[in-house]
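Notes follow the structure.
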Amino acid sequence: MAYEWRREAWRQRLRILAMIVGMAAIFCVVDTLQDGDMLSTMFSRRGWPLLMPVLIYCGGLLVTGLGPRKVGIDCRVLGLLEGDRSVIERYPPLIQAGLLRAFKAGADERTLLPLMHGVFWRLRVPVPPVAFSPAWLNALMFFLASYLTVPLWLHVQDRWDPGIGGGSMGETGNVVMVLLGVFALVEAAHQAGERRALNLPGWCEFRRSWVEDTNP
């Protein structure tokens, strides 16, 4: 079973990679027909910050693989669905225990293994899984991940070359930040309600009980 989901995930990654290469080829053809220089237009010093959101998004797709059988569910969660615990074995033991508890309780599969959390877990930073986190921390993590993906690069572009976009990149970045902040609060409130519905303890309580169980 584990081999099967891994094979399907890699097939999905290859499809995503082929899509990225195909889009790049289309851009090259269109740019050639317009007698433009694709490299100087898309990869110039003037506009490189605007490419970063696209690169981050595509990189995220290649990491998650996207679930081949469940839309919006990435390949790592599919591994857990198949019973493959090696998906989370590189995370701290406390995090592994929390993820398994949340998974068995029926936590939302779309927020079980967020990329930003995974970065912290790989660095051995025990950031609570979404299902156990207080609302303010979930809001902060979502906002941080969103800010690093889009608004940051709009502000960088505004500083790097204000001429692109008519000098409105910084203002656009501020508007996007506000919208993301509001959405982060709404999403965090929803996730807090999910934790209560699943009857999961707070992170401090879970960590205390886990320490007592592992160190009797």
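Quick one: GLY83 ticks every box in (1) assigned by TED's automatic domain parsing to the domain that holds VAL211; (2) farther than 27 Å from CYS58 by Cβ; (3) not basic (Lys, Arg) bar one, so which box is it?
It is condition (1) that GLY83 fails.
Against the definition (exposed (fewer than 12 other Cβ atoms within 10 Å of the Cβ), assigned to a helix (DSSP H, G or I) and of a type in the set (D, E, K, R)), how does ASP213 come out, yes or no? So that I can check it myself, show each step before the final result.
On the way: exposed (fewer than 12 other Cβ atoms within 10 Å of the Cβ): yes; assigned to a helix (DSSP H, G or I): yes; of a type in the set (D, E, K, R): yes.
For ASP213, the condition - exposed (fewer than 12 other Cβ atoms within 10 Å of the Cβ), assigned to a helix (DSSP H, G or I) and of a type in the set (D, E, K, R) - is met.
Restricting attention to segment 193-208, which residues are buried (at least 16 other Cβ atoms within 10 Å of the Cβ) and in a helix (DSSP H, G or I)?
Matches in segment 193-208: GLU194, ARG195, TRP203, PHE206, ARG207.
Across segment 121-145, what is the number of residues that are out of contact with any helix residue (DSSP H, G or I) (no Cβ under 6 Å at 6 or more places or on another chain) and surrounded by fewer than 17 Cβ atoms within 10 Å (Cβ to Cβ)?
9
Scanning segment 74-97 for residues that are of a type in the set (D, E, K, R) and in a loop (DSSP other than H, G, I, E, B), which turns out surrounded by the most Cβ atoms within 10 Å (Cβ to Cβ)? Spell out the reasoning first.
Taking segment 74-97 and keeping what is of a type in the set (D, E, K, R), we get 74, 76, 82, 84-85, 89-90.
Restricting the remaining residues to those that are in a loop (DSSP other than H, G, I, E, B) gives 74, 82, 84, 89-90.
Numbers: ASP74: 23, GLU82: 15, ASP84: 18, GLU89: 9, ARG90: 12.
Applying the filter and picking the extreme gives ASP74.
Take PRO49 and tell me if it is outside the structural domain of TRP160 (by TED's automatic domain parsing), at pLDDT 85 or above and under 30 Å from PRO162 (Cβ atoms). Don't jump to the end; show me each part of the working.
Values: outside the structural domain of TRP160 (by TED's automatic domain parsing): yes; at pLDDT 85 or above: no; under 30 Å from PRO162 (Cβ atoms): yes.
Considered against the rule, which asks whether it is outside the structural domain of TRP160 (by TED's automatic domain parsing), at pLDDT 85 or above and under 30 Å from PRO162 (Cβ atoms), PRO49 comes out as no.
Return the only residue of VAL71, VAL30, VAL54 being within 30 Å of LEU152 (Cα to Cα), modelled with pLDDT of 65 or more and not assigned by TED's automatic domain parsing to the domain that holds ARG159.
Details: VAL71 fails: modelled with pLDDT of 65 or more; VAL30 fails: modelled with pLDDT of 65 or more.
Result of the check over VAL71, VAL30, VAL54: VAL54.
I need every pair where a residue in segment 145-165 that is closer than 14 Å to LEU55 by Cβ has its Cβ under 9 Å from the Cβ of a residue that is at pLDDT 90 or above and of a type in the set (Val, Ile, Thr), sequence separation at least 6 or different chains.
VAL150/VAL176
Just to be sure, is GLY173 touching a helix residue (DSSP H, G or I) at 6+ places or on another chain (Cβ under 8 Å), without any contact (Cβ under 8 Å) to a residue 24 or more places away in the chain and either buried (at least 16 other Cβ atoms within 10 Å of the Cβ) or not assigned by TED's automatic domain parsing to the domain that holds TRP48 (or both)? Full working, then the answer.
Working: touching a helix residue (DSSP H, G or I) at 6+ places or on another chain (Cβ under 8 Å): yes; without any contact (Cβ under 8 Å) to a residue 24 or more places away in the chain: yes; either buried (at least 16 other Cβ atoms within 10 Å of the Cβ) or not assigned by TED's automatic domain parsing to the domain that holds TRP48 (or both): yes.
So GLY173 fits the description; yes.
Of all residues in segment 83-121, which are at pLDDT 90 or above and polar (S, T, N, Q)?
GLN96
What are the residues in segment 144-173 that are assigned to a helix (DSSP H, G or I) and more than 26 Å from PHE120 (Cα to Cα), if any?
Looking only at segment 144-173, we keep the residues that are assigned to a helix (DSSP H, G or I), and these are 144-149, 151-160, 169-173.
Correct list: GLN157, ASP158, ARG159, TRP160, MET169, GLY170, GLU171, THR172.
The values are calculated or read from the model by the stated rules, or taken from the named source; none is laboratory data. None of these values were measured; they are calculated from a predicted model. Note that each Cβ is placed from the backbone with ideal geometry, even for glycine, and that neighbours are counted across all protein chains shown.
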